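Worksheet: the structure to be examined is printed underneath.
Nothing in this text is a laboratory measurement; each read-out follows from the coordinates by a stated rule. Given the structure is predicted, the values throughout are model-derived calculations rather than measurements. For neighbour counting, all protein chains shown are included, and Cβ atoms are generated from backbone atoms with ideal geometry for every residue, glycine included.
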Amino acid sequence: MRRTPTPHRPAGPAAADRAAEERGAPGASPRAALALALLLGFYLLALLLLVAVAVLDVVLARGTFTVVTVEGYLGSLAVAWCAVRVVLLSRAPEEGRAGPPGLTLTPREQPELWRHVHDLAERVGTRPPGEIRIVPGAVAMVQEDARSLGLVPGERRLFLGVALLLGLPEAELDAVLGHELGHYAHHDTRLGNLVAALRGRLVHTVATLRERAAREEAEEKARFAAKAARRRAEGRPPPMRRAHTRGPDHYLALVFTAYARLCLRLTEAVSRRQEYAADLVAARIAGPDTTAGALRRIPALEAADSLYLNSYALMGWDAGLLPPEGQFYGGFALLLADGTRRTRLAELAREPLPEEISEERSPYDSHPPTADRVRALEAIPQDGLARTPVRRPAAALLQTPERLLADLERATLSPEALAKRRVPWAELPWQAHRETLAREAEPLLAAMAGLTGTRAAPGAASLHHLLDLLDHGLLHDLAARLPQSEQAARSSGRAAREFARTAFRSALRRLALLAALETGLCRWELCWAGPPVRQTAPAWFTGDLPKALDQAVAEPAVTAPLRTLLRGSSHGPFDGTGPAPRTLA
């Protein structure tokens, strides 16, 4: 049972240690001893397996020498060899400690941010980080390259997600920074390399054993299938299928999986207590309410950042387009500036957290449920706690944010992404859709080229040329050259003609929309408040287009309504006046 946090005490290393004890977090020395014992226990387990095998061999040697004894010796040798091969001879790939890719900020480039972090570190009572790195996403984390089992401190790094800088007020960013600096104050980061080595060794060993056990099982099945095939070829009945014989790798995997689960349960339980202790430090820096508000706001920012990247920043990816330089990440601020989005994010931050709805808990979680952390913060008395009164955005700590965001793109985006063409936000939706429509119209243009011998570029000119071909009764000749679905390919007679007509109408619609886009009849506009792209056209165009397409693919074809509709001559060009635009279906 967790104890309720106590009121404010002066910040400092001693206070930080007391805070850790209040939440039941073990000190640095007990944590180091636990991590070291678990790492050594991994090798001790392998040694115990070898000793058990040796004892079994001694017992067998005292009995009568039989075939069973020989099989026992061979089995023990196989087990011993598997343990030595996997645990002692194999090496897990070294996990890099450089952290996620991002942009390292120097004190000269961002003096206010560096000064702010140093001031917070002084209030916490810990050594500040030696590197601050801006990374994509709504994340924050710290690392320390400590040596000698965490006894010798090392270089410290602080990672700040750009979405936090763009989406949090400065007071809540202080809570985030206070939490991360609290990990430094409690020496949580000093054991990062040791715990990572333990987990890496366990994961590598279990994965290797399971992979080899699965390969042995597949090889046994293949041998049985080959033997059965030979017997059938010889006219004999196939052999009786025996139960699968598990090899030593399978049983070793079970043993080390159980040990891995034990290690994860112990280390993650410590990690969860460390999070509570770091939350207390954040509460002393920014206040419990502000810290709880940051905990509630960050999941909403994560969801908004994912929406922004997938639906806005990458909307032109397939067309070879990206937002303007500095806006691949920086455009997130435009999404947050929209009133509708801002209201929705505020509602999400006030909604019950997932853990408040579901009581499921996993002993392997590295962090406690956010709902539990918020309740612990809300139980802290308010009097005497330090608070940050300033409500300006966290991005105000940055100098020349536009250049910083452009540099972050160059540091994190792939060469493929950096090679794409940059276009203004206002042009990105319609240019992306123009490229999409042009790509989708390619099969129809290829059918026209195959029939006429002339290749036309997608657009209004190629559409009118297509309509000329329809006027000459070449609908089915063109439709026959389009790709067919499996169902259409199996059809014949009238059904095949109807399948072809439907496919042709769909392709004609895309080419017509492309022509309408070029002439300004249709618009694809950016929308920050709802669906990312709003497709609009005058009401008369939206209402008349389906009928005009039906007439164009009729027998005989009547193309005049579609020509007139695309010219806009019967209603006048769409100039923003007249009936309100409608969203295209």
Study note, to complete from the structure: Expected unfolding gain across THR343-THR564 under the 0.36 nm per residue rule, minus the alpha-carbon gap, is 75.1 nm
Review point. Ranked from highest to lowest mean number of other Cβ atoms within 10 Å per residue, what is the order of the peptides 471-484, 116-129, 171-184?
Key: 171-184, 116-129, 471-484
Study note, to complete from the structure: The value for region 219-331 (convex hull of the alpha-carbon atoms, volume per residue, Å³) is 254 Å³
Study note, to complete from the structure: LEU482 and LEU314 label points (each 7 Å along its Cα→Cβ direction) are spaced in nm at 3.0 nm
Practice item. With an 8 Å cut-off on Cα pairs and a minimum separation of 6 or more residues, tell me the relative contact order of region 402-542 in percent. Key: 27 percent
Point to revise | Where N is the number of residues in region 133-213, Cα Rg divided by 2.2 N^0.38 Å | key: 1.42
Study note, to complete from the structure: Full extension between GLU219 and ALA52 adds, at 0.36 nm per residue less the Cα distance, a length in nm of 57.3 nm
Review point. How do MET315, MET240, MET141 rank when sorted from fewest to most other Cβ atoms within 10 Å of their own Cβ?
Key: MET240, MET141, MET315
Review point. So how far apart, in nm, are the two label points at ALA37 and ARG261 if each is 7 Å from Cα heading toward Cβ?
Key: 2.1 nm
Point to revise | Rg(Cα) / (2.2 N^0.38 Å) computed for region 91-233, rounded to two decimals | key: 1.64
Review point. Normalized C-alpha radius of gyration of region 428-583, against 2.2 N^0.38 Å?
Key: 1.08
Study note, to complete from the structure: So ARG403 and ARG422, fully extended at 0.36 nm per residue minus their Cα-Cα distance, gain in nm 5.3 nm
Study note, to complete from the structure: Rounded to the nearest 0.05, FRET efficiency between ARG231 and LEU254 (Cβ-Cβ, R0 30 Å) equals 0.30
**Study point:** FRET efficiency, HIS204 to ALA449 (Cβ-Cβ, R0 60 Å, nearest 0.05)
**Key:** 0.60
